[in-house]
Amino acid sequence: MQIIPIRASSMAELFDCPARWEAKNLLGMRTPSSGAARLGTAIHAGTAAFDQARLDGNPITPDEAAGEFVKALHNTDEEVEWDEASPNDAERIGLALHARYCAQIAPHQDYVAVELKCERMEITDLGIALTGTTDRIRRVATGELGITDLKSGARAVSADGSVATAGHGPQMGVYEILAQHAIGEQ
């Protein structure tokens, strides 16, 4: 039986449009990345540099980590369609979000892993292999571990601070399974 790899971050698309998921993930068909996706990738790079340095006991400043954001935003071989925003607009917006994250969110988190690449987990009975990279694993006040998945899209967090979670349940569930498998803890 052929084992089909499924990335956790592709779960919502798999359930939304299986044909599109197959075209991208099995047949290798690609479309240009959107400016918003490139911005999200760059924010992940900058915040990961900030959080990993702190986790390693060698903290860096938000400005030093912002260099990773800028590098990831502009230095890409990937084709990007900058719809409404230009790369300069995205840089301005991203640097503001990055600074806010470093000042207001990261200091209140107890991360135990940053950008943890989880080994391929085969479920042979189903003919699938789950893969993925969890953005963060954090320890909460009760001592339990939890998953943090960074989202930077305009629809991800409303002006009042509430987070849109619709459609992310399968992805988060797979991240939780993979993280448990990777670190050997609940």
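The values are calculated or read from the model by the stated rules, or taken from the named source; none is laboratory data. Only a predicted model underlies this, so the values are computations on that prediction, with no experimental measurement involved. Quick reminder, even Gly has a Cβ in these numbers, built from the backbone with ideal geometry, and neighbours come from all protein chains shown. Heavy atoms of the whole protein, side chains included, go into the accessibility calculation; ligands, DNA and RNA do not. Shrake-Rupley method; radii C 1.70, N 1.55, O 1.52, S 1.80 Å.
Residues with amide H under 5 Å of residue 112's amide H, sequence separation 5 or more or different chain, H placed in the peptide plane at 1.01 Å from N; which?
Excluding prolines and chain starts, which carry no amide H, the hits are 137, 138, 139.
Whole-Hz Karplus ³J(HN,Hα) for region 51-66, in order, using 6.51 cos²θ - 1.76 cosθ + 1.60 and θ = phi - 60°, x for Gly and Pro?
Listing the rounded values in order: 5, 5, 4, 5, 5, 6, x, 10, x, 10, 7, x, 5, 5, 5, 4 Hz.
Considering only 37, 164, 99, give the residue with the highest GNM mean-square fluctuation for the chain, with springs between Cα atoms whenever their separation is below 10 Å.
Highest fluctuation of the listed residues: 164.
How many nm separate the modelled label positions at residue 53 and residue 37, each set 7 Å beyond the Cα in the direction of the Cβ?
Result: 2.9 nm between the two label points.
Just subtract the alpha-carbon distance of residue 64 and residue 155 from 0.36 nm times their residue separation and send over the number in nm, one decimal.
Using 0.36 nm per residue and subtracting the Cα-Cα distance, I get 29.9 nm.
Where both partners of a DSSP beta bridge lie in the chain, what percent of those bridges are antiparallel, to the nearest 5?
Of all bridge pairs located within the chain, approximately 70 percent are antiparallel.
For region 96-186, report the accessible area per residue in Å² (1.4 Å probe, heavy atoms, rounded to an integer).
Here the residues of region 96-186 average 59 Å² of exposed surface.
Show me, for region 69-85, the HN-Hα J-couplings you get by feeding each phi into the Karplus relation (A = 6.51, B = -1.76, C = 1.60, θ = phi - 60°), rounded to Hz, glycine and proline as x.
4, 4, 4, 5, 5, 9, 9, 9, 8, 6, 6, 10, 9, 8, 4, 7, 9
Charges at C-beta only: +1 for Lys and Arg, -1 for Asp and Glu. How large is the resulting dipole of the chain about its Cα centre, in Debye rounded to 20?
About 120 debye.
Give me D for region 67-186 in µm² s⁻¹, whole number, from Stokes-Einstein with Rh from the Kirkwood sum over alpha-carbon pairs, 25 °C and 0.890 mPa s.
146
Roughly speaking, to the nearest percent, how much of the chain's 1.4 Å accessible area is carbon and sulfur?
53
So if each residue of separation counts as 0.36 nm, and I subtract the Cα-Cα distance between residue 108 and residue 121, what length gain in nm does that give?
Taking residue 108 through residue 121 to full extension adds about 1.5 nm, to one decimal.
What range in the chain is the longest one free of trypsin sites (Lys or Arg not before Pro) that are in a loop by DSSP and have at most 13 other Cβ atoms within 10 angstrom?
The longest such stretch corresponds to 31-154.
Tell me which GluC sites (Glu not before Pro) from region 103-186 have a DSSP coil assignment and no more than 14 other beta carbons within 10 Å of their own.
Of the GluC sites (Glu not before Pro), the ones in loops of region 103-186 whose Cβ has at most 14 other Cβ atoms within 10 Å are 144, 185.
Once amide H atoms are placed 1.01 Å from N in the peptide plane, what residues at a sequence separation of 5 or more from residue 129, or on another chain, have their amide H within under 5 Å of its amide H?
4, 6, 123
For region 90-186, what is the charge dipole size about the Cα centre, in debye to the nearest 20, if Lys and Arg each add +1 at the Cβ and Asp and Glu each add -1 at the Cβ?
Its charge dipole is roughly 400 debye.
Identify the GluC sites (Glu not before Pro) of region 1-79 meeting these criteria: DSSP loop state and at most 10 other C-beta atoms within 10 Å of the C-beta.
78, 79
Would you mind checking which residues have amide H under 5 Å from residue 118's amide H? H placed 1.01 Å from N; only 5 or more apart, or other chain.
The list, which skips near neighbours in sequence, is 132, 133, 134.
Return the calculated 222 nm mean residue ellipticity for the chain, to the nearest 500 deg cm²/dmol, obtained by summing -39500 (n - 2.57) across DSSP H runs with n ≥ 4 and dividing by the residue count.
When only DSSP H runs of four or more count, the value is -13000 deg cm²/dmol.
For region 1-90, what is the accessible area per residue in Å² when the probe is 1.4 Å?
Computed with neighbouring chains in place, this is 60 Å² per residue.
Using +1 at the C-beta of Lys and Arg and -1 at the C-beta of Asp and Glu, which of 66, 173, 50 has the Cα lying farthest in the positive direction of the dipole of the chain?
173
Give the value in nm², to one decimal: projected area of the alpha carbon convex hull of region 14-135, averaged over all directions.
Taking the Cα atoms of region 14-135, their convex hull projects to 9.6 nm² on average.
Work from the charge dipole of the chain (Cβ charges, +1 for Lys and Arg, -1 for Asp and Glu, about the Cα centre) and give the residue of 26, 88, 102 farthest towards its positive end.
102
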